[in-house]
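What follows draws every value from the coordinates through simple rules; no lab data is involved. If you're wondering where the values come from, they're calculated on a predicted model, not measured in any experiment. With ideal geometry, Cβ positions are generated from the backbone for all residues, glycine too; neighbour counts draw on all protein chains shown.
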Amino acid sequence: MTILRPIVANLAILAATLSLITVVEFGPWFGWATAVTTGMLAVTTTSRWLLRKRGAQWISLPLALLTAAVFLVRLLTPSKMFAGFIPTMATLHDVGTLLSNASQTFQFSPPPVPANAGVTLVVLSSLVIVTALVDLLALQAHAPAFAALPLLALWTPTIVLAREISLFLVFLSLVTWLALLALERAGRAAWYLSALRTSWALVSAAVVFALVSLLALPALQKWSHWSSFEVAKNPRSTAPIVAGEPVVLSEGVELSHILGERSDETILRYRALGAKPSILRLKVMSDYNDGQWEAATDLDDLEDFPPAPATGLDTEAASVLEVQHTGLVERFGVSPGHTLGIASNARDWRLTRDTGELIHERGAIAAPYEVTWEEPEVSRQALQDAHVPMNVADRWTAVPDDLPDSFYEELKRAKEDATTPYEMAVNIQNWFRSSGAFTYEVTNDEVTGSALDDFFINRSGFCVHYATAMTLMLRHEGIPTRVAVGFLPGQRDTGGWMEVAANRAHAWPEVYFEGHGWIRFEPTPPDQTGQAPDWTREPAVSDDNETPAPDDSPTLTETEPETSAESTSQTSETSPEETAVTQAPDEGSRPILLIVGIALFAAALIVFGVRLRRFRRQQRREGFSQKWDAARQICASVAPDAVAEHWRSSRSPSQIAAALQPELPPEMGPVLIELAAVIERQAFAPGSQPREEAHASEVQEHEPAAEAQSAGGKVDELLTDLRAAKRKSRQRT
């Protein structure tokens, strides 16, 4: 029974943990979660058994927490630990970075979020807390009903965010929790007390869930991807195209006008086979003059472009995107990355050599098409080491002569001390996203009459301003750069399609690197675009660290139309909290806050454990005191004068029994002596029983509470014998 209870408790925790797969992508993190919960319960159970005779069982939970903490840090930041297991300040700094990355992932990625190192740390840390509470409530306090509180906490994200919940997981969680209840012995408590305790636990769990929902939902609704989330159960739906209002994008791009219409009408939809798109590129801009970009591809010269390769659906190491234009009137097809070709009906398509654009030969696209594409396989180090590109067309580095003075002043501040094209691009991107204090607005009030000059003065604008400014800055430094136009990812519908509204139109710069081609950067603030591409951000930990399931860092993949790049919600009435640039928390404060939080939690657990131990000891003493008082009444009915003389509170039970034995009938004396010894041993010195009795108790149950229950049964048996001895003595007389 002792071993079975922690096993069932572990199964209950893991069953509740499975509910998180609707919030976090399933992966190796669940294996680590199993190792963490199993290891913690093994540590607590084993240490309590080893320390049962020393009265130091309270050490088991802090020991398990310390072991779990070292394991998690060792798992995620192995190279930062002294002697392989002692955390250093560098370790704590990396942990803080992982937590910050996890926060960004949850804020800017749709559920289920990628299980990168930061998210894995958050999930496993949550499981450590839940496991500690379940151990404290179910295994130490013998109140498994209240273990429903932490178990329900694991279910809360799924219940709050998911519309469809697996009935099997609900059933599995319920069965394991009921099994934990069934294994708890009620002792002498009345059945209605046990039922009342369980009812209070369920009511408390419901109240906690309601409070968490009320507090979490308003906060989550401010995060674009979590404001409305629906789980699609039919990812390959064959639902017919629903035509929307026709939308025509202009051939070029003007700084004084936003892209397309600010409408939430769906203009195209797609579904992915393979990688999820983080962007949908439509066309490329090349020449900039008088505040306007011109398209890089002239459709009048269509015969100069080769036919698009016919790749088929079984292309190795590639992904396929099925696209349907439901309202977009356009000859250009969308592609999420490096375009390999068209999977079907390739004869109707052309693929440009230098820009990688897909063009439909027969006018505006009407039929569905399937694009075969690859994600760029680049890294920060590879781009840093890339040579300066040679033999690049002049149009990709051309800069007009009439740029405002504010442009050059801003460029000087933005590029900082960059020495390579990659460092220049990253510095300028980060300048617009955070350090330059720019904000996103779909309107740009004129001050000078020059859209670019007004952008630098007002320090606000929409995606075209950011893409234009970064492109011209890099071109001014001799780095080939172009503006790409397309769409941010869409919103999932009930049939498994991703629907893209007109207000998802977006523009961004692409920088050319020798040996890698055109690489996307994202200067538009993150409240509209999510995190910048992986290859433009600092890694969570050093490159030589090994992390479990080093999944892609969060980028924008699915979102709501209301939070789009050209959303009407971003107006002059928008609050400062909604338009402020996302700032990372203070790097130096994160380790301190983490240490303080862990210390406070550990201290609270220790205090609670000590108080719980004292409470249980007091309850045990009061129970045995009542039974000792029952023995006094039995003896007083036979020898009232002797009981009045010798039964005093200043004496121990053994002293009272020794003094009364000569005054009692011979049948009652030995029974009272034995009863006094059991009560004294359990109420005042538990664990000091003789070796033979201790061994017998260990065979039945190792825990102190179980020993107390066994002793309680022994006391009841001796009280029955004492009453029987009294009756026998009266019959004899």
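Between Glu409 and Asp298, the contour length at 0.36 nm per residue exceeds the Cα-Cα span by 36.5 nm.
With r defined as the distance between the Cβ atoms of Val392 and Met89 and R0 fixed at 56 Å, what FRET efficiency is calculated, to the nearest 0.05?
Here the calculated transfer efficiency is 0.80.
For region 280-396, the calculated P(r), taken from all Cα-Cα distances in 10 Å bins from zero up to the bin holding the longest distance, is 12, 38, 33, 15, 1 percent.
Working note: Karplus 6.51/-1.76/1.60 with θ = phi - 60° gives region 29-39 the couplings 4, 5, x, 5, 4, 4, 5, 5, 5, 5, x Hz, where Gly and Pro are set to x.
Each residue, Asp401 and Lys714, gets one label point 7 Å from its Cα in the Cβ direction; the gap between the two is 10.5 nm.
At full extension, Ala724 and Val175 could sit 193.1 nm farther apart than now, given 0.36 nm per residue minus the alpha carbon distance. Under a plain spin-label model, where a point goes 7 Å from the Cα along Cα-to-Cβ, how far apart in nm are Asp629 and Glu254? Result: 9.3 nm between the two label points.
The slack between Asp354 and Ala437, meaning 0.36 nm per residue of separation minus the straight C-alpha distance, is 26.4 nm.
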